[in-house]
Amino acid sequence: MAPPSIYGEPKIRSENGSVFLEVIATGADVSKIQWFFGADELEENEFLKFSHNDEGGNRTMFIAEIKDFDKPLAGEYKAVFANADGQNSASFTVTAGNAPDFHDKPHIVQRDNGNVIVIKVRAKSHLEMKAEWFKDDKPVKMTDRVKAVVKKDDKDKDGYQFLLEITGPQKDDEAKYKCIVKNSEGQNQQSLNLVFD
């Protein structure tokens, strides 16, 4: 027997916010696959799923799905295959495209003597972008009291301010808030904890 060989070209595809790394290997032991990001071996978690499909003819497709892909996850990925006779590897360079960029840390502004609390995120993108707000990882329910506002950024022509305005803040508004800003080429996110003194 020979060490595993790569069949065809490794592929990178994106779908519904996930990035899929796909490679077909011949003669690989499916129990010995390892995935790396840079020098670090990856383990499955809620955002990273590994799978494989039998393609017939002693060929196996190995798949790594990276969920909620955003800019910090861009870089060099590698799949290492092995069998009793040796090993082989396939590399993937994953770019984030032109996902939105943030040009400030998120911050909290108080208005109306503290009666209105605003979480402010500043992002820029050369493509149309939209923001989604999360409270403790669940989508924020917009009400008369909690509103999402989008404004042009007066300091940057490509920039927008994404604001979450909370009127009459209450104890149960305390939470970790996250803003995910997306465009057609990717997404990026910022989060902060809202705590009242």
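The values are calculated or read from the model by the stated rules, or taken from the named source; none is laboratory data. For clarity, every value in this text was computed on a predicted model and none was experimentally measured. With ideal geometry, Cβ positions are generated from the backbone for all residues, glycine too; neighbour counts draw on all protein chains shown. To get the accessible areas, we keep the full protein, side chains included, count just its heavy atoms, and leave off ligands, DNA and RNA. Shrake-Rupley method; radii C 1.70, N 1.55, O 1.52, S 1.80 Å.
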| Somewhere in the stretch 10-22, is a residue open to solvent by 40 Å² or more (accessible area, probe 1.4 Å), polar (S, T, N, Q) and at pLDDT below 95? | yes
| said: I need the full set of residues from the stretch 123-148 which are free of Cβ contacts under 8 Å to residues at least 40 places away in the same chain and either touching an Asp or Glu at 6+ places or on another chain (Cβ under 6 Å) or farther than 19 Å from K105 by Cα (or both), in order please. | reply: K124, H126, K138, P139, V140, K141, M142, T143, D144, R145, V146, K147
| the stretch 123-146, residues that are part of a strand (DSSP E or B) and open to solvent by 30 Å² or more (accessible area, probe 1.4 Å) | K124, K130, A131, E132, F134, K135, K138, P139
| query | under 13 Å from the mean Cα position of the chain (by Cα), in the same structural domain as A25 (by the TED database) and open to solvent by 20 Å² or more (accessible area, probe 1.4 Å) - does that describe any residue in the stretch 82-93? | reply | no
| Looking at (1) among the hydrophobic types (A, V, I, L, M, F, W, C); (2) open to solvent by less than 20 Å² (accessible area, probe 1.4 Å); (3) closer than 17 Å to N188 by Cβ; (4) within 17 Å of the chain's Cα centre (by Cα), which is the only condition A64 fails? | (3)
| Among the residues listed as N183, N188, N115, the single one being open to solvent by less than 80 Å² (accessible area, probe 1.4 Å) and touching a Leu at 6+ places or on another chain (Cβ under 7 Å) | N183
